[in-house]
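Reading through the structure tokens given below for one structure.
The values are calculated or read from the model by the stated rules, or taken from the named source; none is laboratory data. Treat the numbers as computed from the prediction; the structure is a model and nothing was measured. Cβ placement follows ideal geometry from the backbone for every residue including glycine, while neighbour counts extend to all protein chains displayed. Just the protein is used for accessible areas: all its heavy atoms, side chains included, with ligands, DNA and RNA removed. Shrake-Rupley method; radii C 1.70, N 1.55, O 1.52, S 1.80 Å.
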Amino acid sequence: MPAVSKGDGMRGLAVFISDIRNCKSKEAEIKRINKELANIRSKFKGDKALDGYSKKKYVCKLLFIFLLGHDIDFGHMEAVNLLSSNKYTEKQIGYLFISVLVNSNSELIRLINNAIKNDLASRNPTFMCLALHCIANVGSREMAEAFASEVPRVLVAGDTMDSVKQSAALCLLRLYKTSPDLVPMGEWTSRVVHLLNDQHMGVVTAAVSLITCLCKKNPDDFKTCVSLAVSRLSRIVSSASTDLQDYTYYFVPAPWLSVKLLRLLQSYPPPEDAAVKGRLVECLETILNKAQEPPKSKKVQHSNAKNAILFEAISLIIHYDSEPNLLVRACNQLGQFLQHRETNLRYLALESMCTLASSEFSHEAVKTHIETVINALKTERDVSVRQRAADLLYAMCDRTNAKQIVSEMLSYLETADYSIREEIVLKVAILAEKYAVDYSWYVDTILNLIRIAGDYVSEEVWYRVIQIVINRDDVQGYAAKTVFEALQAPACHENMVKVGGYILGEFGNLIAGDPRSSPLVQFNLLHSKFHLCSVATRALLLSTYIKFINLFPETKGTIQEVLRSDSQIRNADVELQQRAVEYLKLSSIASTDVLATVLEEMPPFPERESSILAKLKKKKGPGAGSELDEGKKEPGAELNGGIEPTASTTLRCPPQRREPASGRLLRQHLRHAWPGSWHRGQLPQLGSSCFLR
């Protein structure tokens, strides 16, 4: 707390604060506060009228007690009375008490509003500023209803002083953010725009903040601000630090106003007027040029101000996305920050380059920094910077570097932070599918993904690889061989078992000619994992077994023994028990032709949007679409030659089709042979509904 001067100080307040600080315990502090509260209460209730100084002193004490964490239930009326004082210090304390302690439901609001109106009408700039500050600090809907139409009039009045204009602009901004529906748009809006030409830089700064907020909802009402903002920005950028001495911050002229102007321009498309656009391009080039100049100071404040303007200028260049020269220069400038010693600058550079990578003009320039980004992914200490590096690798990926980027991301995944593993898994899965020209590479990549980070491989990922394999005849044999080899590992993730069970159940016959992968070897390999899996995976494996009976009749006896065992037909889980019983009955009574019809191969999946991409967009949150969308689509980039399947088709069941006559006959026969879910005309979920047709 500042030292109390003898002239303006309140000695009683200083003594009270000193006593509180000298208390040895919490109990002593409470005792001293209660004593003071009793004294103040008696003074307020006393017959003798208190003068303004005494009221101010006691109100200050109440305010201090409140800030210590104690409740105050009196003194509000005395604070309101201070508002009518003609002394600045008394009025200031009154407004301060009201801003902190009076809520919008108070019975005193009407009296407070009347006092504020009187101060706004007084034309005394000091009192007007105090009133505007109080309105903004309280900022309630009631305040907006009372003063939303009054504050704009004060703002645009010709005789309003600069300090009051500044306060009025910020007060109106606060009311608009609190209750935008109560702030009326009118003729004052065009006059507010012209405040950008005001000679007082404080007024311009406040006006830019206000206009930036207002134009988001009503862009057409403020579109004339573009030319004025460009003109003001040009004057600041081209000026020397000595020209704006009062607003120069460590040799950088008006940095915060420059940032606000650049941010305001991002609310509008590039200027249509050639002269305005040329002037703006010149400003942006000047900012980029100044960034290359040697620093005028070694202080961190200088570099912070300089870089704040630079990054906001780059954001504007990216927003316009129409000047190839500026985009490439911005990319090169950001590239210099990728190895900067400041972590924040490296983070911001990576984040901005993610957006630049989606531009057709700067994509190639971004790709030149791939080695630096990969190195950042491997060596950065800060997890947030590593995450941005992964985002940038994802954004800069195309056909020319897809294998390198996917390989590096897979390598990083083994040591990646747990918080970002799932996101990296999704990105690897998307890139592997989008840019794969060799389907065997795609299958290898996804299986590696499951091996390295199986716990973070969502259902959408392994559903998707099964869809691709089913839709592509040329990769089915390779997929069956690869997944068979992967299952031979001693420690095998459950997602690998799911993929293996599904693919071998469909295409195991393609590798059955090799004695090392004969039907019984395939079955024994899968069944060795059975007891380690969850109920859902066991259900899928049971469906694989019934598929094996159709594909490999020689395995029928072995599989029936498994289905007939007590651990299956008497399983505590109803789903597993029902499958075991129904599959056993199906394999016993159905002829070979009927079995082949019911258990025929899965049909190709329809082509729709990828559920993996949708999951990644959802994980990144709103506003991430621009980074994740295929902004740089290439012909034939998708594996399926078009749009990718959705989650609905990615999940358990392919689209319904007409049931063969033999299947209907079998179903009719089973209705009489075995009561259960079959007589209800439905099949169990997950495994059997995917395999049984």
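Checking Val499, Val461 one by one, the residue that is touching a residue at least 40 places away in the same chain (Cβ under 8 Å), more than 25 Å from Arg388 (Cα to Cα) and assigned to a helix (DSSP H, G or I) is Val499 and no other. Among the criteria (1) within 28 Å of Arg381 (Cα to Cα); (2) outside any helix (DSSP H, G or I); (3) aromatic (Phe, Trp, Tyr), the one Phe311 does not fulfil is (2).
Looking at the stretch 74-81, is at least one residue surrounded by fewer than 16 Cβ atoms within 10 Å (Cβ to Cβ), free of Cβ contacts under 8 Å to residues at least 12 places away in the same chain and more than 46 Å from the chain's Cα centre (by Cα)? Taking every residue of the stretch 74-81 in turn, none turns out to be surrounded by fewer than 16 Cβ atoms within 10 Å (Cβ to Cβ), free of Cβ contacts under 8 Å to residues at least 12 places away in the same chain and more than 46 Å from the chain's Cα centre (by Cα).
Among the residues of the stretch 358-381, those identified as under 22 Å from the mean Cα position of the chain (by Cα) and in contact (Cβ under 8 Å) with a residue 40 or more places away in the chain are Ser358, Ser359.
Consider the stretch 576-628 and keep the residues that are of a type in the set (Asp, Glu), open to solvent by 70 Å² or more (accessible area, probe 1.4 Å) and modelled with pLDDT of 80 or more. The one that is farthest from the chain's Cα centre (by Cα) is Asp593. Among residues of the stretch 564-585 that are more than 18 Å from Ser534 (Cα to Cα), those with a Cβ under 8 angstrom from a residue that is open to solvent by 70 Å² or more (accessible area, probe 1.4 Å), sequence gap 6+ or separate chain, pair up as Val581/Trp674; Glu582/Trp674; Leu584/Arg564; Lys585/Trp674.
Of all residues in the stretch 127-176, those satisfying the criterion of being open to solvent by less than 20 Å² (accessible area, probe 1.4 Å), assigned to a loop (DSSP other than H, G, I, E, B) and over 18 Å from Tyr95 (Cβ atoms) are Ala148, Thr160.
What number of residues in the stretch 414-435 are in a helix (DSSP H, G or I) and either open to solvent by 50 Å² or more (accessible area, probe 1.4 Å) or under 14 Å from Val383 (Cβ atoms) (or both)?
Summing the residues that are in a helix (DSSP H, G or I) and either open to solvent by 50 Å² or more (accessible area, probe 1.4 Å) or under 14 Å from Val383 (Cβ atoms) (or both) in the stretch 414-435 gives 7.
Just one of the numbered conditions (1) open to solvent by 30 Å² or more (accessible area, probe 1.4 Å); (2) modelled with pLDDT under 85 is not true of Leu639: (1). On the given criteria, is Ala402 more than 23 Å from the chain's Cα centre (by Cα) and within 24 Å of Ala436 (Cα to Cα)? It is true that Ala402 is more than 23 Å from the chain's Cα centre (by Cα) and within 24 Å of Ala436 (Cα to Cα). Step by step: first the residues of the stretch 232-248, then only those that are surrounded by fewer than 17 Cβ atoms within 10 Å (Cβ to Cβ) and either assigned to a strand (DSSP E or B) or of a type outside the set (A, V, I, L, M) (or both), then the one that is modelled with the highest pLDDT. Which residue is that? This residue is Arg235. May I ask you to verify whether Ala229 is within 32 Å of the chain's Cα centre (by Cα), over 21 Å from Pro271 (Cβ atoms) and open to solvent by less than 60 Å² (accessible area, probe 1.4 Å)? In short, no.
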